[in-house]
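The values are calculated or read from the model by the stated rules, or taken from the named source; none is laboratory data. Being a predicted model, the structure only gives us computed values, none of them experimental. Methodologically, a virtual Cβ is constructed for each residue, glycine included, from the backbone with ideal geometry; neighbour enumeration extends over all protein chains shown. Side chains included, ligands, DNA and RNA excluded: accessible areas come from the protein's heavy atoms. Shrake-Rupley method; radii C 1.70, N 1.55, O 1.52, S 1.80 Å.
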Amino acid sequence: MTQKFKLDNLINGDQREPFRIDEHVTIEKGAGDMSDKNYEEGYLADAIRFKMRRDNKRFWAGDNVSDYVTEDIKHKLIDEATEAFELVLDRLLIDRDTDPNSKGTARRLAKMYFNEIMAGRYEPAPDATAFPNDSADRYEGMLVVRSELRSMCSHHHQPVSGVAYIGIIAAEKLIGLSKYTRIAQWCARRGTLQEELANDIAREIEKATGAKDLGVHIQATHGCCENRGIMSHSSLTQTTVLKGSFKEDPGAKKEFFDNIKLQQEFAPR
Ligand SMILES: [Zn+2]
């Protein structure tokens, strides 16, 4: 499946304009001058990667690229990824034609990557409406939320499964309790490294709440250690990011980890 794009729009268009699907045009065979330099045959994914490079937009496995991917574009990208996964299955010598279990696997994989295990790359940040926390009896204590995480390591595309404990000392804004987990999952549903994931969650929670005093502690198991390599079924990785008083005040730090222990008593990992 090949598509044709009007590259001058991609190259010279307004950089702040989101990429639109109508920027590419299909030329019927024999219609028009196919040697026209403005037109080039290719994949939509290649055109979008070109545009992101031009914009100096990083698109690593853990980066969000939702500014470049509308719903329509996502459907086209799923078609293109299906074609690519078909090729991978062919190269693995798996019979897609007669094996009934492998027939639709390429499309299932493509849809799973875009809509599930890497959905956090293609979806914009969850809407986290903030409520003012500025009345006379405002909450000034520590708040610790336990968020279940499913992620995928960007090295092996193996599942990462665990829990993030997110602690903040309430600032001027409060967000709904479920939003902490929505934000954490939005960060996690990408190709990640656990060390970076903790940083990403901390940064996004800071953005949403305005809190400067916060901590994120992640405990997770990694498919790449369990299913391959060292085949270790009991290995657990812990990462911690501390900011503001969580880092500087031993009392706040202890309170955060005491809260995590209480959480673990309530719901063992
Ligand atoms: Zn890995």
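Scanning segment 137-155 for residues that are open to solvent by 80 Å² or more (accessible area, probe 1.4 Å), within 16 Å of the ligand (Cβ to nearest atom) and not in a strand (DSSP E or B) returns a single hit, His155. Restricted to segment 208-254, and to residues there that are in a helix (DSSP H, G or I), out of contact with any Pro (no Cβ under 6 Å at 6 or more places or on another chain) and small (Gly, Ala, Ser), the residue that is surrounded by the fewest Cβ atoms within 10 Å (Cβ to Cβ) is Gly251. Taking first residues from segment 150-171 that are closer than 15 Å to Glu226 by Cα and among the small types (Gly, Ala, Ser) and partners that are within 9 Å of the ligand (Cβ to nearest atom) and at pLDDT 95 or above, the Cβ contacts under 7 Å between residues at least 6 apart in sequence or on separate chains come to Ser151/Val160.
Please work out if Asp134 is away from the ligand (no atom under 16 Å from the Cβ) and free of Cβ contacts under 8 Å to residues at least 24 places away in the same chain. Judged against the criteria, Asp134 is not a match.
Matching residues to (1) modelled with pLDDT under 95; (2) of a type in the set (Gly, Ala, Ser); (3) within 15 Å of the ligand (Cβ to nearest atom); (4) touching a strand residue (DSSP E or B) at 6+ places or on another chain (Cβ under 9 Å):
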residue	(1), (2), (3), (4)
Ile166	no, no, no, yes
Leu174	yes, no, no, yes
Gly210	yes, yes, no, yes
His217	no, no, no, yes
Cys224	yes, no, yes, yes
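Only one of the listed residues (Lys76, Lys111) is open to solvent by 20 Å² or more (accessible area, probe 1.4 Å), touching a Leu at 6+ places or on another chain (Cβ under 8 Å) and not polar (S, T, N, Q). That residue is Lys76.
In segment 212-242, what residues are closer than 17 Å to Ile175 by Cβ and touching a Lys or Arg at 6+ places or on another chain (Cβ under 8 Å)?
Pass one, segment 212-242, residues closer than 17 Å to Ile175 by Cβ: 212-216.
Within segment 212-242, Lys212, Asp213, Leu214, Gly215 qualify.
Only one of Asp22, Asp33, Asp8, Asp67 is in a helix (DSSP H, G or I), open to solvent by 70 Å² or more (accessible area, probe 1.4 Å) and modelled with pLDDT under 95. Can you tell me which? Walk me through it before giving the result.
Values: Asp33 fails: in a helix (DSSP H, G or I); Asp8 fails: open to solvent by 70 Å² or more (accessible area, probe 1.4 Å); Asp67 fails: modelled with pLDDT under 95.
Result: Asp22 is the single residue among Asp22, Asp33, Asp8, Asp67 that is in a helix (DSSP H, G or I), open to solvent by 70 Å² or more (accessible area, probe 1.4 Å) and modelled with pLDDT under 95.
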